[in-house]
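Working notes for the structure below.
The values are calculated or read from the model by the stated rules, or taken from the named source; none is laboratory data. Since this is a predicted model, take the numbers as computed values, not measurements. As a convention, Cβ positions derive from the backbone with ideal geometry for all residues, glycine included, and neighbour counts pool all protein chains shown. The accessibility values were calculated without ligands, DNA or RNA, using every heavy atom of the protein model including side chains. Shrake-Rupley method; radii C 1.70, N 1.55, O 1.52, S 1.80 Å.
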Amino acid sequence: MPSFVRQFTIQSKDSTFSLENSAISFPDLCRLISFYCLSRDVLPFPLILPEAIAKATSHKQLEAISHMGVEFWSSPLNFRGPRSAPSPPDLPPIHPADCCTPQENTTVFSEFCQLHTRSPFELDCGTGQGALCFINPLFLQEQQGKGALLKRNQFKRSFKVRVSTENSSPLSPPAMPPPPPPLLKKEKSSAGRGNPATRSEEDSEYMLPCVAFERKTSHNLGDVTGFPKGLALSPTAEEEDYQMPKILQQESNKDVPEKLPPAIPGDEDLVLMLDQGQAPSLNELDSCSSLSSLEEVEESVERPPLTRGTSSPTPPTPRHRPHLSALRKMSEVLYSFFAPEKRIARLVEDLSRDRRTTFGMLVQDFLTLQRESREEYASSGAMLQAVRGFINEAKSLLLECGELEPPIETLLPDEDNEFVLEKALYRCILKPLKAHIDTRLRTFHTNDGSLQMMKNSMQMSQQGALKRFEVKVPVPNSHGIERVRQKLTTMQKAYSPIDKIILLLQACKCIYTAMRSGSGSDHGADEFLPALSYVLVQCNMPDLPQQVEYMMELLEPSLLTGEGGYYLTSVYASLCLIQSPPEVQPKRILTQEMRESIKQWSKRRGTEANNLRATRDSQKFLHVVYTEADTSVVKMVVLKKTDSVESFMEKCAQKFGISEADSYGLFLRSEGDMRLLSLDCHLQDITSQLDSGFSLIYQRCGQDLSKTRKLTRGGAIDLTEQLQSSTC
Amino acid sequence: MASGGAGGGSKSYSFKVVLLGEGCVGKTSLVLRYCENKFNDKHITTLQASFLTKKLNIGGKRVNLAIWDTAGQERFHALGPIYYRDSNGAILVYDITDEDSFQKVKNWVKELRKMLGNEICLCIVGNKIDLDKERHVAIQEAEGYAESVGAKHYHTSAKLNKGIEELFLDLCKRMIETAQADERAKGNGSNQAGTARRGVQIVDDEPQNAAAAGGGCCSSG
């Protein structure tokens, strides 16, 4: 190990990470690293990237460097002049070839390598030894002033570099490199870098992973969930989505140029818009790759539970999986470690299995109750409603109980958590129950005869369906029908209602494609509903109504109003039509019972949506800094509308594990002033008045107030200041 | 759905608008014209026109419109309630050259008023005014009828892109007003405007239906 490399131990305590001897702890490694890029704290100086990495302009170069592993530090590439000295003027542009380390260096490397590299499996095990982490310079250059979302996406972008650093045999390229992430053209890499002659080539070569999709997705989640948007989103960008009607523009402001329609319509279609115009993208719905619940079906790598609190790390027990390289596996693990959505899904899942927690106990009890069929339900609908009701309950418990560590609010911008939690809950509730629910649905519909009736109706309609449904547009041929059937079969297998909806939309898209093949024109419901009915009859899947019921009852209610909801409604309507006897008068297609059940369903789910919204509106989460001696910890604490300072402090005491809560006080810091809040204050009033420019400090009364400023040491940025910007 | 920003004063509304009318009256062209600003005889960027959305900024209020198309053929008429449940607005389209399509609109109005009450904003739209020479529905009659049922009447041409912006803008304003009134009535002032859902009030307009069901000609599913 070169002498100039110094090691600092990262310790993990109570699910926070901190550098040894430092008073500042972080909810995750990403935050720790990004903090130390800005502030040195206990380090001799803030982290910066080695010049070779900072100067790299293409993915290839970074990859080549990362393949060198630890050896990079002692390689000639790692320029180590005095920190302030200007870089050598004639540093040649780096070519990937330069970075490739000759094979014979293997032994040299192993002799010199003193650094303990750790497998990513151990990354989060809390044994007190951190792992070496490379950060893509693009991250550093672009992250300034951008929101958490972008930051996260950039982490995703750089994970590959990290992967190879951690684990690949450092001197030989992997035998089977992982397939690169899907690439999008990058707008522009940082200007002024690299050789101009080669830049254009590199630019075109340097593609970004498909993050735009996810970014847009989460952008829209705010709307989907009705959760207030955080500041992570640029308000101007958001405003642009809402066009002022042209008439109004002309009336009100003649200077404002007419807004152009969204740049590229195809691009807009990328958005996963299940709700309110955020409907997915029939245009982009061809692959199943984004369907988490299906991925998981094939997922066979067993993973260690993430460390929570004091639970001891379990060694990983990877099963044999011949078709995936070790590297690929590793990248999956790392990816899931760094992607907050996946991390939350894992945290929630682990929590749900841990009976020692309130949440875990609640979930496990419910699963047992359901599996043993101890609950008697009057109908299939009642059973599904019970499940949905439980998901709602579990979600609010999860948000309130504070058992999720680190809290979700520290991992994701607010507007995303609803959706991410929803998916995480599907995973720990619906996934284990899927088979059971399917069986029971089947039993219900066998017993009430509706399954048989649908079988008969579909059978009878096989002939003459085109005429019966008045189809006047081209319909899918046998190949197309097979494709739709495949989509619907896959849909049956998915446990997540969201994934099911996406597959349903894919099936609808196949129908539209066939419809357009004749005239090439766009079709509305006049043409679609007949064609859909025809196709559904041809697919001949009598248990489709059960799938529809599953989605209608289990989808988060706000997801029922968008494009997904529309096509789900269309399938429902179509099935009603198919089921009605061909000779029946059109007016009688919808029986009184059907009408009644739609009415009930609509009312119930509408009320549910309103209730969920009301709950969301009545609470918010605040960052609270807890300081004790030289330690500061930041946690999120839920503030309910009804909370007084006193009741809020009780939660703080619980959250930070304080037993003699009487001697503690809650301090409000705003514009440099710090004052103790009296117990009977209404905290929500105070915080809403101050909007965002404040921080809350929970600490022992009488403690020297200046201590909280201890965080500001030579050159370090003020942590509480930083929090102010993130609380809003 | 109202997702008003945490500290901001601007509100956002989400409205569901259902599109009703006989086949061939030009429902699809109308809504395509509005959402894509093009008539459907040339460029095609989307595959479908059954479900469309539009985001608007009306006087600082953000409006998310979701437009649900329905199949207009007689055979599909009965499926209406499945589509129009929870709608904030309905656009009932007829073809000014087709007297029959205007009668169909009247049927829809009756049904909607019965099922959804007065809270749904109704727009009656005479489309194809580019074919005014072949007009079969008198302007006075149509406007008079609209007024009598508390609906607004509009004349449009999807082909010439006439009257469509006005129609939707006006509808949005009315839906905002209704939502605000709703909100005030609730008196909670919380941002739940526009999503105040109304359950479908299904009133049985056919008393003989029960007898028919008893007679076994209706499925019980």
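General remarks:
- Amide hydrogen neighbours beyond the local backbone of B:Ile58, cut-off 5 Å, H modeled: B:Val63
- Virtual paramagnetic centre 7 Å along Cα→Cβ of B:Glu147, amide N under 16 Å, in the stretch B:106-139: B:124, B:138-139
- Using R0 = 25 Å, the C-beta based FRET efficiency linking A:Ser663 and A:Thr642 works out to 0.50.
- Spin-label pair A:Arg356-A:Glu375: with each label point 7 Å from Cα along the Cα-Cβ axis, the two points sit 2.9 nm from one another.
- Accessible-area order (highest first, 1.4 angstrom probe) of the listed residues A:Ser496, A:Ser519: A:Ser519, A:Ser496
- Sequence of A:Met244, A:Met454 from largest to smallest accessible area, 1.4 Å probe: A:Met244, A:Met454
- Simple label model, 7 Å out from Cα along Cβ direction - A:Leu43 to A:Lys13, nm: 2.1 nm
- Overall, the accessible surface of the stretch A:401-485 at a probe of 1.4 angstrom is composed of carbon and sulfur to the extent of 54 percent.
- Note on A:Val42: accessible area approximately 40 square angstrom, rounded to 10, probe 1.4 Å, nucleic acids and ligands left out.
- Nearest-0.05 FRET efficiency for A:Leu397 and A:Asp673, computed from C-beta distance (R0 41 Å): 0.65
- Taking only protein heavy atoms and a 1.4 Å probe, the accessible area of the stretch A:552-592 is 57% carbon and sulfur.
- The A and B chains share an interface that buries close to 7000 Å² of accessible area, total over both sides, probe 1.4 Å.
- Accessible area per residue for the stretch A:393-500, computed on protein heavy atoms with a 1.4 Å probe, is 40 Å².
- Taken residue by residue and averaged, Cβ atoms of other chains lying within 10 Å of the Cβ of A:590-600 number 6.
- For the residue pairs A:Lys635/B:Lys61; A:Lys487/A:Lys599; A:Lys509/B:Lys104; A:Lys472/A:Lys587; A:Lys472/B:Lys16; A:Lys472/B:Lys133, the alpha carbons lie more than 24 Å apart in A:Lys635/B:Lys61; A:Lys487/A:Lys599; A:Lys509/B:Lys104; A:Lys472/B:Lys16; A:Lys472/B:Lys133.
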